[in-house]
Amino acid sequence: MATTNKNQNSDAWEYSSALDTTKVTIESKSKLFIGGKFVSPKSRSWFATINPATETKLSDVACAGKADVEAAVKAAKTALPKWSRLSGTERAKYLYRVARRIQERAREFAILETMDGGKPIKESRDVDIPLAAQHFFYYAGWADKLAYAFPGSTPAPVGVCAQIIPWNFPLLMAAWKLAPALACGNTCILKPAETTSLTALRLAEVFQEVGLPDGVVNIITGEGDTGRLLAQHNTVNKVAFTGSTEVGKLLMRGTAGTGKKLTLELGGKSANILFADAAMDQAVEGIVAGIYFNQGHVCCAGSRLFVEEPILEEVIYKLKQRLGSLRVGDPLDKNTDLGAINSKSQLKVVEGYIRSGVKEGAQLHQLTTKRLPSKGFWCNPCFFTDVQPSHTIAREEIFGPVLSVMTFRTPEEAISRANNSPYGLAAGVWTDKGAKIFEVAKKLDAGIVWCNTYNKFDASSPFGGFKESGFGREGGMQGLRAYVRLGGV
Amino acid sequence: MSRLTIAKTYKMYIGGKFVRTESGRSIVVENTKGEIAAHTCHGSRKDFRSAVESASNAFTSWSGITGYLRGQILYRMAEMLEGRREEFAAAIQVTQKITPAKAKKEVDASVDCLVRFAGWTDKYQQVLGCSNAVAGDYYNFTVPQPQGVVAVIAPPAPSLLGLVALLGAPLCAGNTIVAVGSDLNPIPTAILGEICQTSDIPAGVINLITGKQSELFEHIASHRQVAGIYSAALSKKNRILIETGSADSVKRVRFNSFSDEDWYDGDKVASPWNIEPFVELKTIWHPSAC
């Protein structure tokens, strides 16, 4: 029962291919960054990282094994005493320099991020890279002010931190993890996601450029096993993980009784609640950005839309219109709205969910883009109507450009349906009524509530979930908490 | 002829009522001389489930009332406990060889602890939350809010102070409590229900269970309606058991280690950083320009 929307722009215009004016050099072998040096893996194992928009190989990336994890942890442990005793202001100065170098190399980072991960260049250029720089700049300032963040206590570093990050915002997630940890005087071992290691390794070059002491940050690439070995290492005092709820639970079990500090930023099935009195065009823009941003590879994607019943038809009409104007294609083209799906396996997952939506009786509305590149992993954005709360697409995290549209009659119903999920990461509320917006925001089980906006991020704004979306916050003053032990309490 | 004394039947406190365990089991409490001093309920997993249900039902109203009102109710608990110092001091001494002065000191510290938490009810929000200066035209603020039902596993000793200090932190934030009292001396736990009932604590907000803690650990950890667990003085084996079981519902678990002196240090036990594990931080954005 699929209805389709024609990509109006692609019928009207033929865009020439994107101008690739900045050539980004990529080493054929991407080594591990341990103790301030790029080293070949002792495991002698490598894996290919590809551009998901072309399926061409970008580099062979080192796959860290047990001995490599050991070396990285040892380097972090060795660097810890000096780094943690350095004055806060001196630590800050290193982080400010990191922020500056990211800004100065912003274009290179943005292109590399888009090539390795598939996200549209306008997002990596305007969101990922500037925010990554902002995180280092913001947390730099905290390094000598920690006592003000934790009144009544004496904050001290936790120690050696193992940080495992996902593939959806590779450089930004590295910044979210590293900046607060370093500001608090910890040393780190960062494990990027398998498919997106390149910008983290480029960040290692920045650390060399700014003279960050050897071993303060170590970056080890690899697969899931590398992350597991790292998190289980006895010397590690702290594990910070962003990724799936399933792996988060494994880490909880794995660290049980070890006394390791753990913070988890896990999955979501975030609800966007649209009241009839909202500014409609603005709301539809927000809803579209909320689900299709980064191809929907966003843990806080507004993947469930609850529309107040009387305006359902109007909203569907507007969503169709807006869907029809989205451009899917070459991520390096700055006009592209949706780039490539990050990997073949993720594409299969998303396609599986779309099939399940159709099979379970929901109605599919999908953009049909003509002339998608012949290679690469592509998924046209879509939304479903006639969705029941019991449908798989309404319950499970899809991590793709798939929106489920449902309705409600009263604010209480909207709140209870939005909260009826094991997740509690984010939510959106759209209404023109001030008191209503805050009442709904107060009652939603979500760590971030965007009111009359969606998917806004800032280094000073804490991010993290309720319930099975994890615990701990990243960003803001509260983001420091994961990286300090509080003495005197 | 000497008069036969009327011994109190110690019950558990669940959903605002004094109840016997559904299991029909009891525990013999021996005094320091090895004589039978009392019988208390040997609470079961089913009792724990009923308590969680009561706590869950009480959550919306307890978290919804103003901090000012919650503060007055906690302060009222302190008033009622102060009025029954002697009885609680005697209860503490039943199984523990401590001087009457030490027992009174524990009751006094418990009263003071409640006073401290009474004061936090409308202030922790300002210490743990804040407004954030985002780089854009948005109001952005972070507000803490309670999580739901928090299970408290009291230390063996101090049997009263340990219980009060651990339940006070999540309670003042607006969470509702299911507490499993000291194994060593269940009597203070059993009579604390009388303080709750006479101090305007709404039914279900504090639920008190006595019994054998170790029988309940796995059940507490795996119960999906329990949002958080607060404990102290647990063995590593039990910490592993609880943390492993908590993974499935991603519970918030906090194990503290307080020394004997720490329990009497109000700055430590009633620190806002012991409230923080039992709140969720919600960050709200709204455009500030149109």
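The values are calculated or read from the model by the stated rules, or taken from the named source; none is laboratory data. None of these values were measured; they are calculated from a predicted model. For neighbour counting, all protein chains shown are included, and Cβ atoms are generated from backbone atoms with ideal geometry for every residue, glycine included.
More than 21 Å from B:V127 (Cα to Cα), away from every other protein chain (no Cβ under 12 Å) and not aliphatic (A, V, I, L, M) - does that describe any residue in the range B:267-290? No, the conditions are met nowhere in the range B:267-290.
B:G174 falls short on exactly one of the conditions (1) part of a loop (DSSP other than H, G, I, E, B); (2) in contact with a Pro (Cβ under 9 Å, 6 or more places away or on another chain); (3) more than 14 Å from every other protein chain (Cβ to nearest Cβ); (4) within 30 Å of B:T283 (Cβ to Cβ), and that condition is (3).
Summed over the range B:252-266, residues that are of a type in the set (D, E, K, R) and within 9 Å of chain A (Cβ to nearest Cβ) total 1.
Examine the range B:119-128 for a residue that is under 30 Å from B:C290 (Cβ atoms), free of Cβ contacts under 8 Å to residues at least 60 places away in the same chain and surrounded by fewer than 21 Cβ atoms within 10 Å (Cβ to Cβ), and state whether such a residue exists. The answer is yes; a qualifying residue exists. The numbered conditions (1) of a type in the set (A, V, I, L, M); (2) in contact with a helix residue (DSSP H, G or I) (Cβ under 6 Å, 6 or more places away or on another chain); (3) part of a loop (DSSP other than H, G, I, E, B) are all true for B:A7 except (2).
Only one residue in A:A149, A:A143, A:A175 is closer than 15 Å to A:L480 by Cβ and either acidic (D, E) or surrounded by fewer than 24 Cβ atoms within 10 Å (Cβ to Cβ) (or both). Which one? Break it down stepwise before answering.
Details: A:A143 fails: either acidic (D, E) or surrounded by fewer than 24 Cβ atoms within 10 Å (Cβ to Cβ) (or both); A:A175 fails: either acidic (D, E) or surrounded by fewer than 24 Cβ atoms within 10 Å (Cβ to Cβ) (or both).
From the options A:A149, A:A143, A:A175, the qualifying one is A:A149.
Applying the selection to the range A:271-281, what residues are in a loop (DSSP other than H, G, I, E, B), buried (at least 20 other Cβ atoms within 10 Å of the Cβ) and in contact with a helix residue (DSSP H, G or I) (Cβ under 8 Å, 6 or more places away or on another chain)? Answer for the range A:271-281, where residues must be in a loop (DSSP other than H, G, I, E, B), buried (at least 20 other Cβ atoms within 10 Å of the Cβ) and in contact with a helix residue (DSSP H, G or I) (Cβ under 8 Å, 6 or more places away or on another chain): just A:F275. Among residues of the range A:439-451 that are more than 7 Å from chain B (Cβ to nearest Cβ), those with a Cβ under 8 angstrom from a residue that is in a loop (DSSP other than H, G, I, E, B) and surrounded by fewer than 23 Cβ atoms within 10 Å (Cβ to Cβ), sequence gap 6+ or separate chain, pair up as A:V440/A:T431.
Can you name every residue in the range A:445-473 that is within 17 Å of B:V226 (Cα to Cα) and of a type outside the set (G, A, S)?
If the condition is that a residue be within 17 Å of B:V226 (Cα to Cα) and of a type outside the set (G, A, S), then A:D445, A:F466, A:K467, A:E468, A:F471 are the ones that fit.
Residue count for the range B:199-237 satisfying the condition of being part of a helix (DSSP H, G or I), buried (at least 19 other Cβ atoms within 10 Å of the Cβ) and within 14 Å of chain A (Cβ to nearest Cβ): 2. Scanning the range B:238-250 for residues that are of a type in the set (A, V, I, L, M), surrounded by fewer than 22 Cβ atoms within 10 Å (Cβ to Cβ) and over 20 Å from A:S421 (Cα atoms) returns B:I240, B:L241.
Might you let me know whether the range A:234-243 holds any residue that is in the same structural domain as A:P41 (by TED's automatic domain parsing), of a type outside the set (S, T, Y) and within 15 Å of A:V39 (Cβ to Cβ)?
Here is the first cut: in the range A:234-243, the residues in the same structural domain as A:P41 (by TED's automatic domain parsing) are A:234-243.
The next check asks that each one be of a type outside the set (S, T, Y); those that pass are A:234, A:236-241, A:243.
From the residues that got through so far, the ones that are within 15 Å of A:V39 (Cβ to Cβ) too are none.
Taking every residue of the range A:234-243 in turn, none turns out to be in the same structural domain as A:P41 (by TED's automatic domain parsing), of a type outside the set (S, T, Y) and within 15 Å of A:V39 (Cβ to Cβ).
Number of residues in the range A:452-489 that are over 16 Å from the mean Cα position of the chain (by Cα), among the aliphatic types (A, V, I, L, M) and more than 7 Å from chain B (Cβ to nearest Cβ) equals 3. The criterion of at least 3 residues that are in contact with a helix residue (DSSP H, G or I) (Cβ under 6 Å, 6 or more places away or on another chain) and at negative phi is met by the following helices (runs of 4 or more DSSP H) wholly inside the range A:124-197: A:129-142, A:170-183.
Filter the range A:379-406 for residues that are more than 23 Å from A:L367 (Cβ to Cβ) and touching a residue at least 40 places away in the same chain (Cβ under 8 Å) and give the result. I'd like the intermediate steps shown before the answer.
Of the range A:379-406, the ones more than 23 Å from A:L367 (Cβ to Cβ) are A:388-390, A:395.
Once the filter is applied, which keeps residues that are more than 23 Å from A:L367 (Cβ to Cβ) and touching a residue at least 40 places away in the same chain (Cβ under 8 Å), the range A:379-406 yields only A:R395.
Would you check which residues across the range A:398-438 are within 14 Å of another protein chain (Cβ to nearest Cβ), under 20 Å from the mean Cα position of the chain (by Cα) and farther than 18 Å from A:M280 by Cβ and list them? Matches in the range A:398-438: A:P422, A:Y423, A:G424, A:L425, A:A426, A:A427.
Just one of the listed residues (A:K348, A:K334) is within 22 Å of the chain's Cα centre (by Cα) and in a helix (DSSP H, G or I), and it is A:K348. Residues of the range B:251-285 that are charged (D, E, K, R), crowded, with 21+ Cβ neighbours inside 10 Å and outside any strand (DSSP E or B): B:K251, B:E276.
If you go through the range A:338-349 and pick out every residue that is surrounded by 21 or more Cβ atoms within 10 Å (Cβ to Cβ) and in contact with a Phe, Trp or Tyr (Cβ under 8 Å, 6 or more places away or on another chain), you end up with 5. Taking the criterion of being at pLDDT 95 or above, more than 25 Å from the chain's Cα centre (by Cα) and surrounded by 15 or more Cβ atoms within 10 Å (Cβ to Cβ), would at least one residue in the range A:367-385 satisfy it? Looking through the range A:367-385, at least one residue is at pLDDT 95 or above, more than 25 Å from the chain's Cα centre (by Cα) and surrounded by 15 or more Cβ atoms within 10 Å (Cβ to Cβ).
A single member of A:D20, A:D11 is in a helix (DSSP H, G or I) and modelled with pLDDT under 85, and it is A:D11.
Looking at this structure, is A:V284 among the hydrophobic types (A, V, I, L, M, F, W, C), more than 16 Å from A:A426 (Cβ to Cβ), out of contact with any His (no Cβ under 6 Å at 6 or more places or on another chain) and part of a helix (DSSP H, G or I)? Even if it seems obvious, please write down each step before you answer.
On the way: among the hydrophobic types (A, V, I, L, M, F, W, C): yes; more than 16 Å from A:A426 (Cβ to Cβ): yes; out of contact with any His (no Cβ under 6 Å at 6 or more places or on another chain): yes; part of a helix (DSSP H, G or I): yes.
So A:V284 fits the description; yes.
There is no residue in the range B:130-150 that is farther than 30 Å from A:L480 by Cα, touching a residue at least 40 places away in the same chain (Cβ under 8 Å), crowded, with 20+ Cβ neighbours inside 10 Å and touching a Ser or Thr at 6+ places or on another chain (Cβ under 7 Å). Scanning the range A:244-257 for residues that are within 11 Å of chain B (Cβ to nearest Cβ) and touching an Asp or Glu at 6+ places or on another chain (Cβ under 9 Å), we see that the one that is surrounded by the fewest Cβ atoms within 10 Å (Cβ to Cβ) is A:R253. Scanning the range A:240-273 for residues that are within 18 Å of the chain's Cα centre (by Cα) and not small (G, A, S) yields A:F241, A:T242, A:T245, A:E246, A:V247, A:T263, A:L264, A:E265, A:L266, A:K269.
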